[in-house]
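Novice: One structure follows; several queries about it will come next.
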Amino acid sequence: MKRFENKNIVVTGSSRGIGFAILELFAREGAIIAACSNRKSDAVIDRYNEIAERNNVRIYPFFFDMSKEDAVKAGANEIKEVMPAIDVLVNNAGIAHIAPFMMSKMEDLHRVFQVNYFSQLILMQSLLGALKKAKGSSIVNMTSVAGLDGGIGVTAYGSSKAAVALTTRVLAQELAPFRIRVNAVAPGMVETDMAAAMGEKAIENTAGAAALKRLARPEEVAKVVAYLASEDASYITGQIVRVDGGIK
């Protein structure tokens, strides 16, 4: 029996990187997936269709801009039309912004928080009724070691992820009476386009700081997300699980 056979799963930021690895893993585990992405393209839809056919599952694509509140609410309503009950919500969508505080524009900070934090609050509020209907559901948020440890240049990104971590702990308490577990995963740097954009020097420094001396692979993060979402983690809530290779 696959862990998520015929379970309704919502994954944001699912078109690439960690989100795509999460989508692939849930598909292999038999899930019915609402795959949420920012921009619609034939290439993304083709990838979803190929995964759905290979794993004999259904993947419903939804495209909406996480930086726009109305778009997130409209996207949530579309999801609920297909999935009146939701077993798992994975809040993975996010954007990076690395810059010294003195060089950070307020408009950039607002955008990072809108995508990385406020859009997730809106989505969770909008889908709460569907999560309650599942009678034992799970939310897995994506935070970051930058939100736990800080560091130079992460005023916007790290602070938004710190807000996600705290909200995870709060919602674990508030939603427990509804049998909704809430946890988060905090990766270090992962082999994605986001990491590549930071440059070779940043990658070398981050890998060097980890005990395992390398970056994480997207599928390694996806496995932790799936574990927290599954019944294997039925007594785990309010936790922030680091996937950082042993950062010193």
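Novice: Ignoring ligands, DNA and RNA, what percent of the accessible area of the chain is carbon or sulfur (1.4 Å)? Numbers along the way, then the final one.
Specialist: Numbers: 6420 of 12150 Å².
Of all accessible area on the chain, carbon and sulfur atoms account for 53 percent.
Novice: Can you give the helix-only mean residue ellipticity at 222 nm for the chain, where every DSSP H stretch with n ≥ 4 adds -39500 (n - 2.57) and the sum goes over all residues, rounded to the nearest 500 deg cm²/dmol?
Specialist: When only DSSP H runs of four or more count, the value is -14500 deg cm²/dmol.
Novice: I've got another one for you. So who's got an amide H within less than 5 Å of the one on Arg58, skipping anything under 5 residues away but keeping other chains? H placed 1.01 Å off N, in plane.
Specialist: Here the answer is Ile33, since their amide H atoms fall under 5 Å of that of Arg58.
Novice: Separate question: If one computes the Cα centroid of the stretch 67-134 and of the stretch 228-246, what distance in Å separates the two points?
Specialist: 21
Novice: How much of the calculated P(r) for the stretch 90-150 lies past 13 Å, in percent of all Cα pairs?
Specialist: On the way: 1271 of 1830 pairs.
Of the Cα pairs, 69 percent sit more than 13 Å apart.
Novice: Amide H neighbours of Ile95 under 5 Å, counting only residues 5+ apart in sequence or on other chains, H built in-plane at 1.01 Å?
Specialist: Asn116
Novice: Once the Cα gyration tensor of the stretch 1-60 is found, what semi-axes does its equivalent ellipsoid get, as square roots of 5 times the eigenvalues, in whole Å, sorted largest first? List each step's numbers first, then the result.
Specialist: Working: eigenvalues 65, 27, 16 Å².
They are 18, 12, 9 Å, listed largest first.
Novice: Here's something else I'd like to know. Divide, for the stretch 105-197, the radius of gyration over alpha carbons by 2.2 N^0.38 Å, where N is the residue count.
Specialist: Numbers: Rg = 14.5 Å, N = 93, 2.2 N^0.38 = 12.3 Å.
In units of the globular-protein estimate, the stretch 105-197 measures up at 1.18.
Novice: Taking only the alpha carbons of the chain, what extent do you get along each of the three principal axes, in Å, biggest first?
Specialist: Between the extreme Cα coordinates on each principal axis of the chain lie 46, 40, 33 Å.
Novice: Starting from the Cα of Lys133, draw a straight line to each of the lysines and keep only those under 22 Å, dropping any in the same chain fewer than 8 residues away.
Specialist: Excluding near neighbours in sequence, the set is Lys2, Lys7, Lys73, Lys80.
Novice: Here is a follow-up. List every residue whose amide H lies under 5 Å from the amide H of Val182, counting only residues 5 or more places away in sequence or on a different chain, with H placed 1.01 Å from N in the peptide plane.
Specialist: Sorted by chain and number, the residues that satisfy this are Ile139, Gly238.
Novice: Go ahead and run the numbers for FRET between Gln173 and Glu204, Cβ-Cβ distance against an R0 of 41 Å, rounding to 0.05. Don't skip to the end; give the middle numbers.
Specialist: Details: r = 40 Å, r/R0 = 0.98.
With a Förster radius of 41 Å, E is 0.50.
Novice: Please compute the per residue accessible area over the chain with all protein chains in place, 1.4 Å probe, rounded to a whole number of Å².
Specialist: On the way: 12150 Å² over 248 residues.
For the chain, the per-residue accessible area is 49 Å².
The values are calculated or read from the model by the stated rules, or taken from the named source; none is laboratory data. Everything quoted here is computed from the prediction, not taken from an experiment. With ideal geometry, Cβ positions are generated from the backbone for all residues, glycine too; neighbour counts draw on all protein chains shown. Note: areas computed on protein heavy atoms with side chains; ligands, DNA, RNA excluded. Shrake-Rupley method; radii C 1.70, N 1.55, O 1.52, S 1.80 Å.
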